[in-house]
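These notes are about the structure you will find just below.
The values are calculated or read from the model by the stated rules, or taken from the named source; none is laboratory data. Note that the coordinates shown come from a computational prediction; the quantities given were computed from them, not determined experimentally. Cβ sites come from the backbone with ideal geometry, for glycine too, and all protein chains shown count toward neighbours. Note: areas computed on protein heavy atoms with side chains; ligands, DNA, RNA excluded. Shrake-Rupley method; radii C 1.70, N 1.55, O 1.52, S 1.80 Å.
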Amino acid sequence: MSRLSCGAFRAPALAVLGLTTAMGMTIPAGAADATGHSSPVGVWEGTVRHGAGTDDLVLAFHADGSVCLAVTGVPDGGRAGGEGSWRAAGPDMFSYVVKEWLYDATGAVTGSVDIDQRAVQRAGTFDSTGVSKIYDAQGAYVGSTEAEVSARRGGAQPKCP
């Protein structure tokens, strides 16, 4: 098994920046939609807890259904981040999937993580859980881990890979 650096078991979440459109009206990020339910559209900061520990992250959920993830404070000068999609799953609930790429300090890919999360939103916070599948730099499956994300609205738009 290859050594994965930059958070082999990182299972980030996502956040969003932008505006959402409902019934022809523009609604600022974070406002309720036409049904009165919260929307995840906007930027979120939080933590992800997984088998290898806890990491800080920033997520951006966009009105077009895309999501961007950046893991902050990656050790050894590496970085981690990814892109994916999200969708509403019920009142104040949504799900998201992200392909996260792990990089060492030189920018070389050291692995990837397929993130699949189900979230419950409460106004300016959300919590999500799911299973993340981890792959080495050659794309070989390494294992999986349960991941829990807790996030709150706010933060700077993350840079997607």
Seminar exercise, completed: Expressed per residue, the solvent accessible area of segment 46-153 in Å² (1.4 Å probe) is about 45 Å²
Exercise. Given a Förster radius of 35 Å and the C-beta distance between Asp76 and Asp127 as r, what FRET efficiency does 1/(1 + (r/R0)^6) yield to the nearest 0.05?
Worked result: 0.75
For this session: Putting +1 on Lys and Arg Cβ atoms and -1 on Asp and Glu Cβ atoms, find which of Gly155, Ala80, Ile134 reaches farthest to the positive end of the dipole of segment 79-161.
Result: Gly155
Seminar exercise, completed: Highest mean packing first, using Cβ neighbours within 10 angstrom, the peptides 142-150, 39-47 sort as 39-47, 142-150
Seminar exercise, completed: Label model pair Ala88, Val109: point-to-point distance (7 angstrom along the Cα→beta-carbon line) in nm is 3.5 nm
For this session: Taking the Cα centre of segment 26-161 as origin, work out the dipole magnitude from +1 charges on Lys and Arg Cβ and -1 charges on Asp and Glu Cβ, in debye rounded to 20.
Result: 260 debye
Seminar exercise, completed: If the chain between Glu146 and Ser95 were fully extended at 0.36 nm per residue, the gain over the current Cα-Cα distance would be 16.8 nm
